[in-house]
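The block underneath contains the structure these notes are about, expressed in structure tokens.
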Amino acid sequence: MGCSSSIHAERDTRSKGHSPVMRRPSPELLARPVTECGVRWGWLRAWARGTVARSLGVDATTAEVCATLVIPHTQEFQCRYVDIISHRDVGPPRFFLSHTWSWRFATLLEVLEQRMHDIEGSEEVFVWLDICAINQHPYVAKGALQADDISHLATIVHKVEATLFCLDEKGTTLTRIWCLFEIWETFKAGGTAKLQILSYQTPDLKFLFDELDIRTAKATIEEDRVRILAEIAKDIGFTQLNLSIKECLVSSAELEAQQALAQHDAVDRSQPISTTQGFSRSAEAAAHACHKAFSIASAAGQYTKALTMAQRGVQLAEAALGKEHPSTSRAISRLAVCYEDQGKHAEAEPLRRSIYETDKKVLGKDHPQTLDWLNNLACCMQSQGKESQAEPLLMTVLEAKEKVLGKGRSDVIMVANNLASCLDKQGKHAQAEPMLRATLEAREKVKGRRHPSTIISLNNLACCLDKQGKYTEAEAIYLDALELREQVLGKDHPDTILSRSNLAVTLDERGQFAKATPLLHACLLARKKVLGEHHPMTISSIDFLARSLERQGKHAEAQPLRTLSLEACSQVLGKDHPQTMTAMLLLARCLVQQGKFAEAEPLCSSVHEAHNGAGQGEETARSAKDLANCLAKQGRFAESVPLYRTALEIFNRALGKDDLDAISSSETLACCLDRLGEHERAEHMLRNAHKARGKVLGEDHASTIASINMLGLCLKNQGKNEEAEAMLQIVLSRREKVLGTDHPDSMTSRTNLASFYMHLGKLKEAEPVSRVVLESHRRVLGESHPETVSSVNDLALCLDRQGKYLEAESLYHVASQAQGRDYFNAIIAKQCLAACLSRQGRHAESEPFFRDALESAVKILGKTHPFTITCTNSLAICFDIQEKHVEAEPLHISAYEACKQALGNNHPKTKQSIDFLARCLMQQGKCKEAGMLLHGVHEAQS
């Protein structure tokens, strides 16, 4: 009995959560170390429900509890709250509670109660709560009691079993320096397992993770912030600490989810979850843990972990609540986000469509949630290149939201931004630009300059300006976006890498390869490290780097990158995926530029057949253009014309005549017709194309300027020299104005102008322009660049025609040896050198150069290529001059047959080949054969 009476008396002395009786704390209590000042969970819960709730209500924050109850109750003795409650309710803590004082105290207790629910004997568990354990009275005369208590925080964290990190719905804990410091100390003390995240409602963590930087975190007392930052600077450094905190949060949430799922899976399967009763407790805990782990992993860019959590979340929701429940829709949406984050938009689209259809049925088509799902569906479609289908969906959403909410709301701004981006991707830049500027201005005003959505708007505007050829303004904005993302997200965040890539691509477009190429290399390495080798953004980096190398004429270096991209797409997406087909075409184009037609043509044909078999859509048109280009590069213009026509007809029908793809197809068909001698028809088409480009893109856009250049060359071919010269001068002046004098396109314009002067016989005007071009190419591109070698040839030809043979021969020799025997520019140089020698009457010396040029041309370009035909005729004439008519005859026949096949019977070059052959026959006394040849050709042409 005595024992029983003693136990009963002990329990009666414990506080039931009422206000403590004011009594002077004993010296022993005041001397108790702060590391031993945990409060019993049973007392804390009773105190919150009793004293706190009665005095302050349920909405009081922790700061208000401290100011209204803790400090007044301890004012007389200037002590800690634990010093005035029963010593039985104070003891060594098992858990350390990390939280923000701005949170509702009742909510803090709710999340803590959820954690305590599964702990046996939780009433007797002690937790360390700062408002109770730390002396809340600032510095007193006989010592800084509060500062002394705070200095022991690291020791407390190391001693407890776990830190309970309370993540409020606004994520404020991630902006407080003490909370971040406590995470770091927890990680140092016991790693990930020692940190447990408690949350009532998981916040949207993307922005919080992006902004997480302990240097900008806040503290109530500035001296605390300065002291903590000094300690961190000496220990790990700010950048590494920020990254470690994020990794710790991800790992902790993942571990909790795995434990919750394991506990749920262990539930007796003989008692299935009822869809009418909702979640069981184990299922609810698992779903909550999965959602939390998904949110944190996704915010940190760890998409594979996020995907796993999202998939389990959907399974739990569908089993417990059914497929039409709002919580199930949200779970499916999280899964779709995971796929989208990994670039798997095709997998995400049916999920997005399913959510939209469900909520349209359950909530109605104009419900705000239904409109949000429709916006997300449109964005998903847009990411797959389905802009024409996405545009009307976004228009529907924007009109409905503006009608209900007005234009200033953040979600309305978001939809407007999405619509502007959609218009921009369709080439409707003039419509998109003012919308993007308005969106940027609104976001800067509402959310601030450093907010991720503001940076996205910056990036979108720069992209739109870039596509309009407004490179200077685009570059400045890209650079601004990159600097902001590096500050906010860190250098290796996927969004930061995207900004770096955008800037690099713009520099590349402006011909600033020395700056662009290293940036593109860095982006590729960073994406391989952060996202993996087969991530879509990594593949994009491979393609951008390959394109940059191709623009520099380094096709041999670009080829393995194109091959790598194709292999990655095939492995990840499958051989028949549109992106894989695109990668195949890009490889084919790279091969074409190297003259590897035998390898390129089957790739182009394969893609075209696949697209054509699936129906005559836009992809069929694009693949037809690529195959036609491949044939045209081989001089097979007659075969390429029907393919160009097919592409043009499809684009006109599907997209309209003012679409950029349709305009481009019209231009390529016109250029092909021009090569076949149909100059007037080509001119008409090129004038219309230029007018359409100017309307869509503006007169100063690079593509519009290029269309003027094509028209000028067409006029030159018709002998309309005055107008042609004016066109070429316009192109040069505009390119130098928009792109700068050292841009590759500007140098090409000077090359075209010099070529035009040579065409007119104005050699003295052509020579200084040719010298400037060569000097620019050497300075900007280097000695071995194809354009440099080509400009060496051009200057040599100009000197050659002026009779300056010595300097011309020297330049021809340089060009013929610059890039290898079988490189196209080297072949041209050998052909021109041979012709130069022949003009000087040195026919025997010229013959081996003519032979070498022809052999290389046949090998690289094929027998029917126009340049190969020229080489064939040249060697045949060289033989004729030396009276080697027997050797010349088969070459003349070969040239004639090639012209017929490639250019048709009526082309001027075909007629010229007939004349050459007839003369050769007559020189051998075969006048009858020559006459029959000429008569037969005349009848065929009639």
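The values are calculated or read from the model by the stated rules, or taken from the named source; none is laboratory data. Quick caveat, the model's predicted, so the values are computed rather than measured. Glycine also receives a Cβ, built like all others from the backbone with ideal geometry; neighbour counts cover every protein chain displayed. Side chains included, ligands, DNA and RNA excluded: accessible areas come from the protein's heavy atoms. Shrake-Rupley method; radii C 1.70, N 1.55, O 1.52, S 1.80 Å.
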Open item on the list: Just the residues that are open to solvent by less than 30 Å² (accessible area, probe 1.4 Å), within 30 Å of THR748 (Cβ to Cβ) and part of a helix (DSSP H, G or I), please, taken from the stretch 468-485.
Closed with: TYR471, ALA474, ILE477, TYR478, LEU482
Task: Test: LEU697 is under 18 Å from SER666 (Cβ atoms) and either modelled with pLDDT under 90 or surrounded by fewer than 22 Cβ atoms within 10 Å (Cβ to Cβ) (or both) - done: yes
- [ ] Could you pull out the residue among LEU676, LEU631, LEU686, LEU643 that is open to solvent by less than 50 Å² (accessible area, probe 1.4 Å), in contact with a Gly (Cβ under 8 Å, 6 or more places away or on another chain) and closer than 27 Å to THR910 by Cα?
- [x] LEU676
TODO: Go through (1) touching a Pro at 6+ places or on another chain (Cβ under 8 Å); (2) open to solvent by 10 Å² or more (accessible area, probe 1.4 Å) and name the single condition VAL488 misses.
DONE: (2)
- [ ] Just need a number here: residues in the stretch 68-87 that are charged (D, E, K, R) and either modelled with pLDDT under 90 or closer than 16 Å to VAL52 by Cβ (or both).
- [x] 1
TODO: Go through GLY301, GLY322 for me and flag whichever is of a type outside the set (A, V, I, L, M), at pLDDT below 85, open to solvent by less than 50 Å² (accessible area, probe 1.4 Å) and under 19 Å from LYS360 (Cα atoms).
DONE: GLY322
- [ ] Assess whether ASN873 counts as being in contact (Cβ under 8 Å) with a residue 40 or more places away in the chain and part of a helix (DSSP H, G or I).
- [x] yes
Open item on the list: Name the residue that is nearest to LEU676 (Cα to Cα), counting only residues in the stretch 716-731 that are buried (at least 21 other Cβ atoms within 10 Å of the Cβ) and over 33 Å from the mean Cα position of the chain (by Cα).
Closed with: LYS716
Task: Residues being of a type outside the set (Asp, Glu), closer than 22 Å to ALA692 by Cβ and open to solvent by 40 Å² or more (accessible area, probe 1.4 Å) - total across the stretch 738-764 - done: 0
Open item on the list: I need the full set of residues from the stretch 856-896 which are of a type in the set (D, E, K, R) and modelled with pLDDT of 90 or more, in order please.
Closed with: ASP880, GLU883, LYS884, GLU887, GLU889
- [ ] Filter the stretch 77-133 down to residues that are out of contact with any strand residue (DSSP E or B) (no Cβ under 6 Å at 6 or more places or on another chain) and among the acidic types (Asp, Glu) and give me whichever is most open to solvent (accessible area, probe 1.4 Å).
- [x] GLU120
- [ ] Of the conditions (1) assigned to a helix (DSSP H, G or I); (2) open to solvent by 30 Å² or more (accessible area, probe 1.4 Å); (3) not aromatic (Phe, Trp, Tyr), ALA835 clears all except one; give me its number.
- [x] (2)
Task: Subset tally (residues that are closer than 16 Å to ALA876 by Cβ and open to solvent by 70 Å² or more (accessible area, probe 1.4 Å)) for the stretch 916-928 - done: 3
Task: Filter pass, GLY595 being open to solvent by less than 20 Å² (accessible area, probe 1.4 Å), within 24 Å of THR910 (Cβ to Cβ), in contact with an Asp or Glu (Cβ under 9 Å, 6 or more places away or on another chain) and not in a helix (DSSP H, G or I) - done: yes
